[in-house]
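A short worksheet on the structure shown next.
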Amino acid sequence: MIEVQDIQKSPLAENPVISQMILNNHEQVVFCNDNDTGLKAIIAIHNTILGPSLGGTRMWAYNNEMEALTDVLRLSRGMTYKSAVAGLNLGGGKAVIIGDSKTQKNEALMRRFGKFVNSLSGKYITAEDVGVSTKDMEYIKMETDFVSGLPVNMGGSGDPSPVTAYGVYLSMKASAKEKWGNDSLAGKKVVVQGIGHVGESLVKHLVKEGAKLSIFDINEERLKAIAKETGAEVITDGSKIYDMDMDIYAPCALGATVNTDTLNRLKCAIICGAANNQLADENVHGKMVIEKNILYAPDFVVNAGGIINVYYELEGYNRERAMAHAEKIYDTTLNIFKVSKEQNIPTYMAANRLAEKRLSDIGKIKVSF
């Protein structure tokens, strides 16, 4: 067997793909290309100790292949930790399709991608993500059984975003309890950045509780419609979000919005949102939030509702079981804050350690047989 340390010493480590895989101990990366359909995709499998890797497929117009690779590697690692902390018997994987989902996505492209998923023989199970819908899951299903997030009329769970949003809402309440001693969000000034399916459902939960909401999305038409429906204040200039007076910042779009520039401007008490990979650099910005006296709820804990939902689809979907499991996110969030204080470590590190302990414990069981 080739050990990681042996690879690190070899010329292979000079390859940017291999070096990125080594950095976070990824098991496998598959590059997919099909000239006939125009498909260019990357599937990253991070870890399968707990079970087959499961993670959504994202379609995005990346600037280049290295940007796409960096994203899929970070996202797949996050899925490993997300499933581990959520107590699911799943590993971490993710896929990205390089392209504009509005103009380049079609049945042929999605079905060709399904064939690539099928070639992995169940080591990776896909689901929906940014730029990909339940309808696209139908196309993928035509070519492989290793797909989740199917429409209800096909026996699936449908759109997982309501369960994701519910988990974010509960984690936000747990964060409020930790920060202020009471989990009520009534009267709290919350800025939600990104009003996709998850952001929209989250806003509705917060409106019911009486939070003072400000919302932003690059889709102005959607932004105005949701503001009209919910009464939320519209943020017209996204660049000014980080200078606003707020209690809670909820990033619900793409990642890395918590960085040196934004942290030097943010005046919030809590960061808790649905976006993946919110910290641009875990080591740097995980510590910086502490210095700024901001409570950071680790994203892969906060947004685990989606993976919980599709996990129960694999077992034969039961909405009540999925929601009951998602409700545990509240206690999990509080437990991470507790570990963070007891061990005097950033909250992201506390969450990582909980995930790594479960991976280590189950890994010992598997190798003992």
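The values are calculated or read from the model by the stated rules, or taken from the named source; none is laboratory data. Predicted model, so just to flag it, every value in this text is computed and none were measured. No Cβ is skipped: glycine too gets one built from the backbone with ideal geometry, and neighbour counts run over all protein chains shown.
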| message | Among the residues of region 325-342, are any assigned by TED's automatic domain parsing to the domain that holds GLY199, touching a strand residue (DSSP E or B) at 6+ places or on another chain (Cβ under 8 Å), over 28 Å from GLY51 (Cα atoms) and in contact (Cβ under 8 Å) with a residue 24 or more places away in the chain? | response | no
Selection from region 181-221 of residues of a type in the set (S, T, N, Q) and either at pLDDT 95 or above or at positive phi (or both) yields ASN182, SER184, GLN193, SER201, SER214
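Okay, residues lined up against (1) of a type in the set (A, V, I, L, M); (2) touching a Pro at 6+ places or on another chain (Cβ under 7 Å); (3) under 22 Å from VAL30 (Cβ atoms):
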| position | (1), (2), (3) |
| --- | --- |
| LEU120 | yes, no, yes |
| LYS123 | no, yes, yes |
| VAL130 | yes, no, yes |
| ASP136 | no, no, yes |
| ASP145 | no, no, yes |
| GLY149 | no, yes, yes |
| ASN153 | no, no, no |
| SER161 | no, no, no |
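Among the residues of region 133-144, is any within 30 Å of MET246 (Cβ to Cβ) and more than 21 Å from the chain's Cα centre (by Cα)?
The first filter runs over region 133-144 and keeps only residues within 30 Å of MET246 (Cβ to Cβ), leaving none.
Within region 133-144, not a single residue is within 30 Å of MET246 (Cβ to Cβ) and more than 21 Å from the chain's Cα centre (by Cα).
Filter region 89-120 down to the residues that are of a type in the set (A, V, I, L, M, F, W, C) and part of a helix (DSSP H, G or I) and list them by number.
From region 89-120, those of a type in the set (A, V, I, L, M, F, W, C) are 90, 95-98, 108-110, 113, 116-117, 120; that's our starting set.
Across region 89-120, the qualifying residues are ALA108, LEU109, MET110, PHE113, PHE116, VAL117.
Tell me, yes or no, whether region 329-344 has at least one residue that is of a type outside the set (A, V, I, L, M, F, W, C), in a loop (DSSP other than H, G, I, E, B) and surrounded by 15 or more Cβ atoms within 10 Å (Cβ to Cβ). I'd like the intermediate steps shown before the answer.
Residues of region 329-344 that are of a type outside the set (A, V, I, L, M, F, W, C), as a first pass: 330-333, 335, 338, 340-344.
Checking the rest, the ones that are also in a loop (DSSP other than H, G, I, E, B) come to 344.
Next, from what is left, pick out any that are surrounded by 15 or more Cβ atoms within 10 Å (Cβ to Cβ): none.
The answer is no, given that none of the residues of region 329-344 is of a type outside the set (A, V, I, L, M, F, W, C), in a loop (DSSP other than H, G, I, E, B) and surrounded by 15 or more Cβ atoms within 10 Å (Cβ to Cβ).
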query = Any chance region 154-172 includes a residue that's modelled with pLDDT of 95 or more, touching a strand residue (DSSP E or B) at 6+ places or on another chain (Cβ under 6 Å) and in a helix (DSSP H, G or I)?
reply = no
Counting only residues that are in contact with a helix residue (DSSP H, G or I) (Cβ under 6 Å, 6 or more places away or on another chain) and in a helix (DSSP H, G or I), region 290-315 contains a total of 9
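Please work out if LYS287 is part of a helix (DSSP H, G or I), free of Cβ contacts under 8 Å to residues at least 24 places away in the same chain and not aromatic (Phe, Trp, Tyr).
Considered against the rule, which asks whether it is part of a helix (DSSP H, G or I), free of Cβ contacts under 8 Å to residues at least 24 places away in the same chain and not aromatic (Phe, Trp, Tyr), LYS287 comes out as no.
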- Query: Is at least one residue of region 129-139 surrounded by 17 or more Cβ atoms within 10 Å (Cβ to Cβ), in a helix (DSSP H, G or I) and acidic (Asp, Glu)?
  - Reply: yes
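Please go through region 310-369 and pick out each residue that is among the β-branched types (Val, Ile, Thr) and within 20 Å of VAL284 (Cα to Cα). Can you show your working first?
In the first step, residues of region 310-369 are kept if they are among the β-branched types (Val, Ile, Thr); the result is 310, 329, 332-333, 336, 339, 345, 347, 362, 365, 367.
Within region 310-369, ILE336, VAL339, ILE345, THR347 meet the criteria.
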In the set VAL192, VAL198, the lone residue that is crowded, with 21+ Cβ neighbours inside 10 Å, closer than 28 Å to SER83 by Cα and in contact with a Leu (Cβ under 8 Å, 6 or more places away or on another chain) is VAL192
In region 211-268, residues that are touching a residue at least 40 places away in the same chain (Cβ under 8 Å) and either part of a helix (DSSP H, G or I) or within 23 Å of ARG58 (Cα to Cα) (or both) total 9
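Go through region 118-144 and give me each residue that's within 17 Å of TYR312 (Cα to Cα) and at pLDDT 95 or above.
GLY122, TYR124, ILE125, THR126
Can you tell me which residues in region 261-294 are touching a Cys at 6+ places or on another chain (Cβ under 8 Å) and farther than 24 Å from ALA95 by Cβ? Break it down into steps so the answer makes sense when it comes.
Of all residues in region 261-294, those touching a Cys at 6+ places or on another chain (Cβ under 8 Å) come to 273-275, 294.
The answer is ILE294, and nothing else.
How many residues are basic (Lys, Arg) and over 18 Å from the mean Cα position of the chain (by Cα) when one looks only at region 295-330?
Taking region 295-330 first, the residues basic (Lys, Arg) are 319, 321, 328.
In the following step, the residues that additionally are over 18 Å from the mean Cα position of the chain (by Cα) were identified as 319, 321.
Number satisfying all stated conditions: 2.
Counting only residues that are assigned to a helix (DSSP H, G or I) and under 27 Å from CYS32 (Cβ atoms), how many does region 140-153 have?
Qualifying residue count for the region: 2.
Got at least one residue in region 179-193 being in a helix (DSSP H, G or I) and more than 16 Å from the chain's Cα centre (by Cα)?
From region 179-193, those in a helix (DSSP H, G or I) are 179-180; that's our starting set.
From what's left, more than 16 Å from the chain's Cα centre (by Cα): 179-180.
The answer is yes, given that some residue of region 179-193 is in a helix (DSSP H, G or I) and more than 16 Å from the chain's Cα centre (by Cα).
What number of residues within region 234-259 satisfy the criterion of being surrounded by fewer than 19 Cβ atoms within 10 Å (Cβ to Cβ), touching a helix residue (DSSP H, G or I) at 6+ places or on another chain (Cβ under 7 Å) and more than 24 Å from GLU178 (Cα to Cα)? Outline the logic, then answer.
Step one: list which residues in region 234-259 are surrounded by fewer than 19 Cβ atoms within 10 Å (Cβ to Cβ), which gives 234, 236-240, 243-245, 254-256, 259.
If we keep only those that are touching a helix residue (DSSP H, G or I) at 6+ places or on another chain (Cβ under 7 Å) as well, we get 234, 259.
Checking which are more than 24 Å from GLU178 (Cα to Cα) leaves us with 234.
Counting residues in region 234-259 that are surrounded by fewer than 19 Cβ atoms within 10 Å (Cβ to Cβ), touching a helix residue (DSSP H, G or I) at 6+ places or on another chain (Cβ under 7 Å) and more than 24 Å from GLU178 (Cα to Cα) gives 1.
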